[in-house]
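Have a look at the structure below, then the notes.
The values are calculated or read from the model by the stated rules, or taken from the named source; none is laboratory data. Worth saying up front: this structure is predicted, and the values here are computed from it rather than measured. We place every Cβ from the backbone using ideal geometry, glycine too, and count neighbours over all the protein chains shown.
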Amino acid sequence: MFKKNRKEFSYETELLNQGAYINLPATNPETAPIYLTTAYNVEDLDDLQDRYDQKGFCYNRNRNPNRTALIELITYLEKGDNSIICSSGMAAISTAVLSIVKSGDHILSDQTLYGETIDIFSKILSDFGVSVTYVDFTKLDDVKAALQKNTKVLYTETVANPMITVVDIDAIAAVAHSCGATLIVDNTFMTSIGIRPLEHGADMVVNSLTKFANGHSDAVCGSITGKRELIDKAYNLQVLIGSSADAFTAWLVQRGMRTMSLRLEKQMANAAKLAQALEKSPYVLKVNYPGLPNHPQHKLANRLFNNGFGGMLSIVLPDDKDKINAFMRRLNLAHYAMTLGGYRTTLSHPIMSSHYDVPEEQRKKMGITLGLLRISVGIENADDLVQDFLQALEVYA
Ligand SMILES: *Cc1c(COP(=O)(O)O)cnc(C)c1O
């Protein structure tokens, strides 16, 4: 590539060219380097054709080695044919949905969703002639009754945010396929350690890798995994709208994901212990956690999930803002943060963050009250964590 025996150019030209290529073998490093390059130099037109044929590297928006490496990992973990890596979970969700629906189509969605996903469906896609109906996906008859001739997508989360309800993916997939619709599942809360929706009949699985997958609260990233034809369509759209993640983000997320099984198993075990302890507290009105025997979908969760019941739970405290504030201030380990899935335990208040924009009537339908707090459990020592919550709850004494 670097022409030998060439004549030396002027100083400012050499400034641009010296050290442009690595001339000694640098293949197979123990950890993949970060490919911070927008483009790749090609030798000639045959080389270019080769790169097209082999889906090689030409330009960063199309392909980048760090994304390709992460694609390999997430495709394996979610058991799909192929994946694309997006600049955020929302980029993944919107790219997935936009690659399927067109004007005049209908989306049938679970009513309990991540707030911004509702915004995409209700506020953005509606302007493009796509309609949406929200029903409770735990009620299969309601789902069937809400199908329309133009229903192209059924959409749900494996564990619905923030009520931690569990959807029967196999049953919903059967409904979707009975009318030729595509089932998209957001697996952010459970991750592939907890469930692989494609093995339960989903056609596409989207993940906000920002959360449990990366787990270090330092990168925003998303993925779509699924059948080859669907991913091809999503990829073609991604290249045009530019929803791909940058190299550094893809590298960071891959690094974070290496410890996913260790973290998730600990997070799930901690969440189970915390849920049990909070359920016994006289100050907590309700604990939503699929691992508790009294959770409405406990049996279903038992059948669907591997390794535990996830690291997310929510609790209902009395609708008293001053007391909630006092409780939050008194916690030492659980920090309020508008994210989840990190190695530290975090709290969020759906009305004030993820579901701030959701109309009150829809919030009520979802069961979101002032006293509802969502907890993302970290990898702390379980006893430390339980004790911290119990001492903070003393504000209600
Ligand atoms: C955070 C989240 C998203 C959006 O992901 P970003 O990476 O923040 O864009 C989508 N779905 C769920 C369930 C989430 O928790």
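Here are the numbers for this structure:
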quantity: Top-ranked residue in segment 55-114 [being hydroxyl-bearing (Ser, Thr, Tyr) and more than 14 Å from the ligand (Cβ to nearest atom); ranked as farthest from residue 367 (Cα to Cα)]; calculated: 59
quantity: Of all residues in segment 195-241 being closer than 22 Å to residue 111 by Cβ and surrounded by fewer than 24 Cβ atoms within 10 Å (Cβ to Cβ), the one that is nearest to the ligand (Cβ to nearest atom); calculated: 211
quantity: Residue 114, sole failed condition from (1) at pLDDT below 95; (2) closer than 30 Å to residue 69 by Cβ; (3) surrounded by fewer than 19 Cβ atoms within 10 Å (Cβ to Cβ); calculated: (3)
quantity: Helices (runs of 4 or more DSSP H) wholly inside segment 234-332 containing at least 1 residues that are closer than 30 Å to residue 39 by Cβ and at pLDDT 95 or above; calculated: 247-257
quantity: Filter result for residue 300 (surrounded by 19 or more Cβ atoms within 10 Å (Cβ to Cβ), out of contact with any Cys (no Cβ under 6 Å at 6 or more places or on another chain) and closer than 20 Å to residue 194 by Cα); calculated: yes
quantity: Which numbered condition residue 171 fails, given (1) outside any helix (DSSP H, G or I); (2) at pLDDT 95 or above; (3) more than 22 Å from residue 255 (Cα to Cα); calculated: (1)
